[in-house]
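Quick notes on the structure that follows.
Every number here is computed from the coordinates shown, using simple stated rules; none is lab data. Quantities reported herein were computed from a predicted structural model and do not represent experimental measurements. Quick reminder, even Gly has a Cβ in these numbers, built from the backbone with ideal geometry, and neighbours come from all protein chains shown.
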Amino acid sequence: VPIQTERPDRPGRAEASLLAAAVDQKANHQVLFREVNERIAELSGEWSDTGVSLFVCECSDPGCTETLEISPDEYERARADGARFVVTPGHQQAEVERVVADLDRFLVVETVGAAAAIARSNDPRRHG
Ligand SMILES: [Zn+2]
């Protein structure tokens, strides 16, 4: 019986190693939650009669389940910079983030240092 050499060519491998190479797991978590919000923004663009949409908190706590009421305009402004995230007031991380806007219902924070590099390199709005 010939020995079968299985080569598990798993899709998404490059993606996984990219994540593993990243220095800050919390930053990766934020990037993932931002992707969720990008989907919400897409959907609410189609159903834009309520004024505000419910977005998920983009803080670095993996267990956070807070939602944020944000209008499409507010969300677009926050998304203009790839290092910025929207979080529930109090969920900012003073060591790695600075608050750039306080809109009462939510904060816009900008990550600094390594976390900012990860955030910008994974910016869903970056074209080319
Ligand atoms: Zn949070």
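What the Kirkwood sum gives for the stretch 23-128 is a hydrodynamic radius of 13.6 Å, with every pair of different alpha carbons counted. Once the C-beta distance of R125 and E69 is scaled by a Förster radius of 25 Å, the resulting FRET efficiency is 0.70 to the nearest 0.05. Loop-resident GluC sites (Glu not before Pro) (DSSP state other than H, G, I, E or B) in the stretch 64-98 with no more than 10 further Cβ atoms inside 10 Å of their Cβ: E95. The stretch 94-128 and the stretch 54-74 have Cα centres lying 13 Å from one another.
Using the beta-carbon distance between K26 and E76 and R0 = 22 Å, what value does 1/(1 + (r/R0)^6) give for FRET efficiency, to the nearest 0.05?
On the way: r = 25 Å, r/R0 = 1.13.
My answer for the efficiency is 0.35.
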